[in-house]
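Just below is one structure, and these are the notes that go with it.
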Amino acid sequence: MLHRSLLSTCLLFTSALFLTVSCSNPGANKPTGESATSPNPAAASAPASESKTDVRLGFSAWPGWFPWQVAQEQKIFEANKASVNLKWFDGYLDSISALNAGQLDANSQTLGDTIASIAGGADQVVVLTNDNSTGNDKVIVNKNIKSVADLKGKKVAAEEGTVDHFLLLQGLKKAGMTAKDIKFVPLETGKAAAAFAAGQVDAVAVFAPFTTQALKLPGSRELFSSKDFPGSISDHLVVTRKFINEHPEKVQAMVDSWFATLDYIKANPDAANKILVKRAGVSDSEYQAYAQGTKIFTVSENLKAFQAGNDMNSLPYAATQMSAFLSEVGLAKTKPDLTKIFDDRFVKAYAAKAKK
């Protein structure tokens with residue numbers, strides 16, 4: 001997710017109104033891992049063939065979102081009467097900005113990013129949980145670091161405010177440490193992985209597929225991951241409230257298409273895997289490792305996630321924790337309204353149909 005970042009909300013939402021988004025060809029094999037540096041004016045406007053009734057759905061480099069590519073190539077959207085213009089973003093930041101600027105109707109993004117955008121003035125709604133990260137977000141260290149305590153005084157890179165920054169702080173807190181105990185180096189996720197692989201920092205917090213790049217440093221290893229903090233990093237289909245109000249049937253069609261895609265992947269693993277691996281731009285073995293670190297949610301797991309609870313497996317609870325984190329690191333100047341962020345009616349409607 002590039003990154004699956006809890007961005008500086010006021011700056012993000014304001015700049016999104018002026019940002020021209022640069023999208024790559026959905027057929028391209030490998031995501032760059034960085035936000036576009038040379039905006040393409042043509043990319044900001046819809047192609048001539050795009051219908052005004054299309055759902056403009058964005059996604060980027062994260063294993064839990066690659067199934068959208070399967071939905072497109074296997075015509076699952078069409079089968080579920082979902083008119084979707086699927087837009088691939090090399091830079092996750094660009095997809096967030098596009099949704100905030102009204103250039104997308106829906107996007108694949110983290111809970112944290114959604115809360116960050118809402119704090120900045122956006123009106124967005126989580127309608128589906130794609131997955132939880134169960135190991136694909138990692139803190140990776142060089143051969144000299146044996147424990148979390150060894151991070152004291154060391155250079156640790158991460159994209160500031162990202163979910164991996166959040167993961168890093170959780171690991172430090174569990175070990176009785178704080179951010180003041182390390183030399184934090186704020187770098188965009190792709191650059192952070194590259195800096196670690198080049199030996200310029202002692203540790204890095206990144207997500208797949210950039211974990212693969214970081215682990216190329218000889219002797220490097222995982223210190224801890226999202227697997228150690230269940231539910232802390234969740235990924236979602238997020239839609240603007242305006243689009244939900246105007247086209248609820250199209251939102252339902254997207255949700256139906258998602259679950260139909262998961263059924264297709266289960267029934268046709270070889271065919272689906274070819275699409276997933278190509279979209280990820282990695283080897284088959286590397287993708288299988290990513291798949292193990294991503295927990296794709298079933299219908300029942302979706303329904304449960306939307307319920308109130310007292311741990312990170314509950315979205316309402318997780319939202320309060322993420323909101324507190326954003327305030328703690330200074331990325332949310334105002335407290336976001338979390339009372340209307342979740343809408344589970346579309347998952348419930350699919351569940352009801354699936355029972356018949």
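Read-outs throughout are calculated quantities, based only on the coordinates presented, and are distinct from any laboratory measurement. None of these values were measured; they are calculated from a predicted model. Cβ: placed from backbone, ideal geometry, glycine included. Neighbour counts: every protein chain shown.
Couple of notes before you dig in:
- From its DSSP helices (H runs of at least four residues, each -39,500 (n - 2.57)), the chain gives a residue-normalised ellipticity at 222 nm of -11500 deg cm²/dmol.
- The value for the stretch 209-356 of Rg(Cα) / (2.2 N^0.38 Å) is 1.24.
- This model, with +1 at the C-beta of Lys and Arg and -1 at the C-beta of Asp and Glu, gives the stretch 299-349 a dipole about its Cα centre of some 160 debye.
- Counting every other Cβ atom within 10 Å of each residue's Cβ, Tyr317, Tyr350 order from fewest to most as Tyr317, Tyr350.
- For the chain, Kirkwood radius (reciprocal of mean inverse C-alpha pair distance, Å): 20.2 Å
- Hits among lysines - C-alpha to C-alpha of Lys355 under 27 Å, sequence gap 8 or more where chains match: Lys75, Lys81, Lys250, Lys266, Lys295, Lys304
- Unit charges at the beta carbon, dipole of the chain: most positive-side option, Ile118, Ala192, Trp65: Ala192
- For the stretch 238-295, a simple Cβ point-charge model (Lys and Arg +1, Asp and Glu -1, everything else neutral) yields a dipole of about 180 debye relative to the Cα centre.
- About the centre of its Cα atoms, the chain shows a dipole size close to 440 debye [charges on the beta carbon of Lys, Arg (+1) and Asp, Glu (-1) only; nearest 20 debye].
- Taken along the Cα-to-beta-carbon direction at a fixed 7 Å, the label points for Gln307 and Lys335 span 2.8 nm.
- Share of pairwise Cα-Cα distances greater than 18 Å in the stretch 137-228 is 31 percent (whole percent).
- Summed residue charge, Cβ within 12 Å of Ile244's Cβ, Lys/Arg positive, Asp/Glu negative: 0
- C-alpha long axis of helix 163-174 to longest principal axis of the chain, angle in °: 40 degrees
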